[in-house]
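Colleague: Structure incoming, see below.
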Amino acid sequence: MEVVLTIGAGVLFAVWHSFCDQLAWRIYTAYYSTERKRIENKLAFVFYSSSRCEMCMTHVPWYGLIPIVGYFLVNKKCTSCSRPLSYRFPFFEALAFLYGVLLGFASVHPVEFTLLLVAYASLWVIMAIDYRVLLIPLEAIFVLLLLALIYLFAIRYPVWGWISRGFVPNIDLMLDLSVAFVWYFLFHLLRILSGYKMGAADVPLVLALGLLLGHPLALFLPGLAAMLAIVFYILRRRSILLYAPSEKQIPFGVFLGMGYLILALVRVYKFI
Ligand SMILES: [Zn+2]
């Protein structure tokens, strides 16, 4: 039974990733790409269209939508225009499968699993678009912030404090808020000191992810993200196979998102 649940969590995460990646691509195409002016009904394009080839816009056959396997079933290329498909599809679907398996293996609480799925959808949209055009859709950050507040005040700390001779706030809740807000203000400061070279959206993003992680894990988030960014750019210098959107600017949202996903796993396994 446990094996079924673990594999099931993996498959669910891989399918969810595949959906989120299409969603991110549609949002990118409708609002950020050079073809954006050609799409008239943007909302319908984002929410009501089925998966298409990124080059010729032909609909993907159903078997091409199966995570990981679908890429090989369509012979690694579009069935219509026969353009080769990026290896990122099976690669990230496999990673998502592994992530789900790791969550399932740790018998993660269903509430936490659902929370991670919703957070993953917004995060993947943020990461995919930031990686392509160094911009972050504020709507996706708004979803994350809303999710973080619901999680913090309704699930993680349903008791905000105690009324005994005046209101005594829940110290853990206060610590979670403090850590997240300290990073929030430090990021603001960093943005000003860097002459506004840092993206404006990274500031509320670190707040939302900090609130979702809570203390002490949120303390490690910016450091881990910076480390991931350094490793990425060292690898990038050695291989032209790795795409980077700019030589001067870093899509920090991508690394914050990666850092969050790693730390969320650390929390599920109770390492810290
Ligand atoms: Zn095509």
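Values in this text are rule-based calculations from the coordinates and carry no lab data. In this text the structure is predicted, and so the values were computed from the model without any measurement. Every residue, glycine among them, receives a Cβ derived from its backbone with ideal geometry; neighbour counts consider all protein chains shown.
Colleague: Take the Cα gyration tensor of the chain, multiply each eigenvalue by 5, square-root it, and list the three semi-axes largest first, rounded to whole angstrom.
Modeller: Output for the chain: semi-axes of 33, 24, 18 Å.
Colleague: Modelling each spin label as a point 7 Å along the Cα-to-Cβ direction, I'd like the residue 138/residue 34 distance in nm, to one decimal.
Modeller: With each label placed 7 Å out from Cα toward Cβ, I get 2.8 nm.
Colleague: Around residue 97, under 15 Å between beta carbons, what's the net of Lys plus Arg minus Asp minus Glu among the other residues?
Modeller: -1
Colleague: Related question: Once amide H atoms are placed 1.01 Å from N in the peptide plane, what residues at a sequence separation of 5 or more from residue 51, or on another chain, have their amide H within under 5 Å of its amide H?
Modeller: 60
Colleague: Work through the residues other than residue 84 whose Cβ is under 15 Å from its Cβ and net out their charges, Lys, Arg +1 and Asp, Glu -1.
Modeller: Charge balance near residue 84 sits at +3.
Colleague: May I pose another question? Considering only the other residues whose Cβ falls under 11 Å of the Cβ of residue 22, what net charge follows from Lys and Arg at +1 and Asp and Glu at -1?
Modeller: 0
Colleague: Ok, one more. How large are Rg and Dmax for region 110-272 when only the alpha carbon atoms are used, in Å?
Modeller: For region 110-272, the Cα radius of gyration and maximum Cα-Cα distance read 16.8, 65 Å.
Colleague: Across the chain, where is the longest run that never hits GluC sites (Glu not before Pro) in a DSSP loop with at most 11 other C-beta atoms within 10 Å?
Modeller: 41-246
Colleague: With +1 on the Cβ of every Lys and Arg and -1 on the Cβ of every Asp and Glu, and nothing else charged, how large is the dipole of region 65-173 about its Cα centre, in debye rounded to the nearest 20?
Modeller: Dipole about the Cα centre, nearest 20: 320 debye.
Colleague: Under the 0.36 nm per residue contour assumption, what length would be gained going from the current alpha-carbon distance of residue 175 and residue 86 to full extension?
Modeller: Using 0.36 nm per residue and subtracting the Cα-Cα distance, I get 27.7 nm.
Colleague: Another question, if that's okay. Taking springs between alpha-carbon atoms closer than 10 angstrom, which of 68, 240, 126 fluctuates most in the Gaussian network model of the chain?
Modeller: Greatest mean-square fluctuation among the candidates belongs to 240.
Colleague: Suppose R0 equals 35 Å; then what is the FRET efficiency for residue 42 and residue 5 from their Cβ-Cβ distance, rounded to the nearest 0.05?
Modeller: Calculated value: 0.35.
Colleague: A follow-up question, please. Pick from 191, 36, 88: which is most flexible by mean-square fluctuation in a GNM of the chain where alpha carbon atoms under 10 Å apart are linked?
Modeller: The residue with the greatest mean-square fluctuation here is 88.
Colleague: So what's the angle, to the nearest 10 degrees on a 0 to 90 scale, between helix 171-193 and the longest Cα principal axis of the chain?
Modeller: 60 degrees
Colleague: So, one more: Per DSSP H run of n ≥ 4, the term is -39500 (n - 2.57); total these for the chain, divide by its residue number, and report the mean residue ellipticity at 222 nm rounded to 500 deg cm²/dmol.
Modeller: Rounded to the nearest 500, it is -20500 deg cm²/dmol.
Colleague: If the label point is 7 Å along Cα→Cβ of residue 249, which residues in region 195-209 have backbone nitrogen under 13 Å from it?
Modeller: Only 196-202 pass the distance filter.
Colleague: Moving to a separate point now. Please report, to one decimal in angstroms, the Kirkwood hydrodynamic radius of region 1-107 built from all distinct Cα-Cα pairs.
Modeller: Its Kirkwood hydrodynamic radius stands at 14.8 Å.
Colleague: At 0.36 nm per residue, minus the direct Cα-Cα distance, what do residue 153 and residue 165 gain on full extension? Give it in nm, one decimal, please.
Modeller: In short, 2.1 nm is gained.
Colleague: Let me ask another. What are the ³J(HN,Hα) couplings of region 206-221, residue after residue, when phi is run through the Karplus curve with 6.51, -1.76, 1.60 and θ = phi - 60°? Round to Hz, x for glycine and proline.
Modeller: Whole-Hz 3J(HN,Hα) from phi for region 206-221: 5, 5, 4, 5, x, 5, 5, 7, x, 7, x, 4, 4, 4, 8, 4.
Colleague: Right, next: Once the dipole of the chain is set up with Lys and Arg at +1 and Asp and Glu at -1 on Cβ about the Cα centre, which of 225, 84, 64 lies farthest towards its positive end?
Modeller: So the residue furthest toward the plus end is 84.
Colleague: Something else: Go ahead and set up a Gaussian network model of the chain, Cα springs under 10 Å, then flag whichever of 95, 103, 116 fluctuates most.
Modeller: For the chain, modelled as a Gaussian network with Cα springs under 10 Å, the answer is 95.
Colleague: Quick query: amide H of residue 77 versus all other amide H atoms, modeled in the peptide plane; which residues come in under 5 Å with a sequence gap of 5 or more or a different chain?
Modeller: Distant-sequence amide H within range of residue 77: 85.
Colleague: Please check which bits of region 209-229 a label hung off residue 265 would reach, taking the label as a point 7 Å along Cα-to-C-beta and the cut-off as backbone N under 11 Å.
Modeller: Hits in region 209-229 for residue 265 at 11 Å: none.
Colleague: Here's something else I'd like to know. Give me, ordered by chain and number, the residues 5 or more places off residue 161 or on other chains with an amide H under 5 Å from its own placed amide H.
Modeller: Answer set, sorted by chain and number: 170.
Colleague: Relative to the longest principal axis of the C-alpha atoms of the chain, give the angle of the C-alpha long axis of helix 252-268, reported between 0 and 90° and rounded to the nearest 10°.
Modeller: In the chain, helix 252-268 runs at an angle near 60 degrees to the longest axis.
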